[in-house]
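Working notes, structure below.
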Amino acid sequence: MFPLAGCINEFIPKDIREESGLLIIDGAITDGESVFTLSRSVGISEKLSEEVMIDHAVVAVESNDGARIPATFGGEGRYLAQTGSLDTNLQYRLSVEVDGETYQSEYLSPIITAEVDSIFPMKKEEGEPVYICLSSHAPENSSKYYRWKYHETWEVKAELYANARWNDGPGEEEVIFHSRYTSENTYYCWGRDSSKSLILGNTEKLNRNIVSQQKIIQIPCDNDKLSILYYIEVEQMQIREAAYRYFSDIQERAERVGDLFSPVLSAGLRGNIRCVNDPEQMVVGYIDVSTTTRKERYVWEKEGLYEFPGLRCRMIYEWGGKGEAIFSYEHSRAPYQCVDCREKEHASKLKPDGWPTDHL
């Protein structure tokens, strides 16, 4: 019941053939807001670009009582439909109109997903990575197949504190000194990321429909994510066996050729979406219908999971030329990557609303 994992390499198996222009639809019909991503595949040898994301489709969620919920375009190929509460007495499907063709998924009744019981970090011993895991349990007569996604946020700081910067604007002062207790500092930042690969699991070989110690993400113990405060929200969906088998196949092939959510996919993977105008046309995607449950967890530095990797920066006790470096203390300087937290991966000065620390 652990997610499949593998290293991405340049090996291309013989059964994968190059296909350009295939419609790829990723997403699910769920309660609240349903999000769908539309793109076109590119050949394995072609260069990826933003042009493969589709921005001109007409997308809607339809129910078998004739209701239609239009989706709005959210940029980067994403379409958002406010589906609200799903009625278990109805069936739902996705409808897409693009480039003169109409595509529809099959009508399906909603699966009601069980709640996530807990999210917790696990670390075997010193030097080992930290795993963010979850546990859950569901009725025996409900689906034994699961899919998870996550969104994560973390606070990070630069290795050295910069209390001054060059004045790039008009004014007499060449150097401007500032405080770490104002938002102008470059000491504290926040990073954000989300799942980029499929996280699948099942309980089909167990006596009970219980998910225990399911690994969601692996974080090296010396990663800055764990250095101050880390937050993760996990989304859980119980899915159909057909969807699970389809996504497992997609995952296996994607691990051979590259990133799952890049538009590089092979032919031969047929989900539950059909082209109304041309039923033989290949479409990549499986649209399941299921509610989503969510659970969040903060991991604090005081929990002792983070292992400080040691200082990697040093101050240079001399003035640098303007534009050459930034100051860490008066009459000293350091490289930008040592004093500007924005140089760290995914980091910015955009502090999340409601973040529990008082840093700026």
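Just so you know, all these numbers are worked out from the coordinates, no wet-lab data involved. Being a predicted model, the structure only gives us computed values, none of them experimental. Note: ideal-geometry Cβ built from the backbone for every residue, glycine included; neighbour counts use all protein chains shown.
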Response to the item:
Given a Förster distance of 35 Å, the FRET efficiency implied by the Cβ-Cβ spacing of MET122 and LEU80, rounded to the nearest 0.05, works out to 0.55
Response to the item:
Output for the stretch 90-165: GluC sites (Glu not before Pro) sitting in coil per DSSP, at most 14 other Cβ within 10 Å, listed by number, reads GLU115, GLU125, GLU126, GLU140
Fill in: Segment ALA60-GLU303, extension gain: residue separation times 0.36 nm, minus the distance between their alpha carbons
82.9 nm
Item to complete: Which order do the peptides 81-94, 231-244 take when ranked by the mean count of other beta-carbon atoms within 10 Å per residue, highest first?
Response: 231-244, 81-94
Fill in: Long pairs among LYS144/LYS349; LYS302/LYS351; LYS124/LYS349; LYS149/LYS205; LYS144/LYS302, criterion Cα-Cα beyond 30 Å
LYS144/LYS349; LYS124/LYS349; LYS144/LYS302
Item to complete: Could you tell me whether the stretch 63-167 comes out rounded, prolate or oblate from its Cα gyration tensor? Rule is a ≥ b ≥ c as square roots of the eigenvalues, rounded for a/c under 1.5, then prolate if a/b exceeds b/c, otherwise oblate.
Response: oblate
Worksheet entry | Given charges at beta-carbon only (K, R positive; D, E negative), |dipole| of the stretch 99-172 in Debye | 220 debye
Fill in: Computed lengthening from ASN167 to THR182, 0.36 nm per intervening residue step minus Cα-Cα distance
3.7 nm
Discussion item. Is there a quick way to get the dipole size of the stretch 79-203? I mean about its Cα centre, with the Cβ of Lys and Arg at +1 and of Asp and Glu at -1; what is the value in debye to the nearest 20?
Written reply: 480 debye
Discussion item. Within the stretch 77-117, list the residues whose amide N lies under 11 Å from a label point set 7 Å along Cα→Cβ of GLU33.
Written reply: 79-83
